Every structure is written in structure tokens, then in C-alpha cells.
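Bear in mind that the values in this text are calculations on the coordinates, not laboratory data. As the structure is a computational prediction, the values presented were derived from the model and not from experiment.
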Amino acid sequence: MGQLLDVLDWLRDAANWRGSTGAGARIIEHVEISAVAMIAAVLIAVPPALWLGHKRRFGLLAINISNVGRALPSFAVLVLGTQLLGLLEKPVIGSVSVFVALVALAVPPIVTNTYVGMAEVSDDVRDAARGMGLSEVQILRRVELPLAIPLIMAGVRTSAVQVVATATIAAQLGFGGLGRFIIDGYAVRASGGYTDVLAGAVLVAALALVTEGLLGLVQRALTPKGLRTSRRRSDLPDLDAATDDPATRPLPAAA
């Protein structure tokens, strides 16, 4: 309980939010690191997954290859990248090692959800679109993609939350982000640094929740209105069935 109160006091202290090493600046750095990795992952994963899902080909191969990223621990990618590439720093990307590790983490859910979302579009819908004279590209863009958007965005949300939670590894190489509070806090834990560690963890968790909520709103905005309406109706109880009491049924007409 005492540690929790210490964390609350730390978060309320305006001094911890000011300056280039304050919580405000660290949150911005953390968002930048995560956003760059997510943009790269979307650009890498979505286009081929869309086309493969449209063609319904090589899906198992694409998903298995992308899932290699799930099997690679991010810290292992960080160490290997550091040894092979050195502490290379590029504009926008920052540390190449951190960037590669986060992109590898983000790609698999996006590939899987995008492919499945496209492949599960009904054949009847595709055939109807072809019957209307739409080209393959038009079918993909105007028919399949809107129907697959909810599942695609679910993959993006999953990846974004994982990236935000894992971006703390940037501090291992001396870069910024909320991981600095965790790494630096462990370094000075003898003088009460655990408060910094816990405060950093709380901020990372809060940022992940905010990311999930914002992307949920984006998903809702991108989902076609008809799908939102049908989904909302499917969630409602069947009032006719619920009130179908034999005692309230009308008596059959006399013969």
C-alpha cells in the first residue's frame, strides 16, 4: 500500500513531468518509437495480405512465415541487431535494433487478421460484384476491404498494444521512452528507485489502454455503417422469443 501511495505522489508531482527527462517528454518519445514501428509494420504486412486474401492463395505459408516474428523474443532481436548492426541511429527510426524488434513483433497479428478477414468474405458477395462488372481491384477495394476492416483493425489494435508495451526495450540501448524510468529506476533502486520503476510501469500500462481505446474508435469509424448496425442488432435479445409464453398465445380458431 505504501508503494502505491508513493507512485501516486510521484505522478502528482509536477517536477516529474517537466523538462526533457520528465514524464511528458518520455511519453512523447515512447509514442514516436511505437508509431514509427507500427506504420512500418502496416505498410509491410497489409498490402501483401490483402492481395493474398483476395486470391485465397498461399495463406498458410504467409501466416506461418509471419508467425516467425512471434517465436523471436524481442530482446533477442535487440541483442542480435546490436551485435550485427551496432548502435546505428537513423532519422525518424531511431535505433535500428529497436525498430526491427518492434516491427517483427507487430507484423504477425496484422498479416493473420488481414488475410483471414479478406478470405472469409462470402463467395456470393464476390460473385455478385463480378456480375456487376467490377474489376478485381475494384472488388478488393470497394467490396472485400470494407467487409474485412473490423478484423484488420483488430489485428492492428493487438499489434499496437504489444508494441507500446514492448517499446520500453529502447531504454536498454540508451534511447528514450518510458522505459527510461524502469531502467534508471533499477539502477538507483537502493535509494528508493522502485518508485520510478512502478511509475514507469503504470504509465506504460495507461498508454497501452489509451492506444487500445483510440484504435477502437478508429475501427468503429472505418467500419461501414451497415455492418455496425447489423452487429448491434445481432447483440440485442430476441424479444419475440423472450416473450413467447404459451399462456399468452391466442387460442386456435374453432373448427
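Percentage of Cα-Cα pair distances in region 92-181 greater than 17 Å, rounded to whole percent? Counting pairs separated by more than 17 Å, the tail of P(r) holds 59 percent. Annotation: amide H-H contacts under 5 Å for Gly177 (H modelled 1.01 Å from N, sequence separation of 5 or more, or interchain): Glu29, His30. Near Leu134, no amide H atom lies under 5 Å from its own; only residues 5 or more places off or on other chains count, and H is placed 1.01 Å from N.
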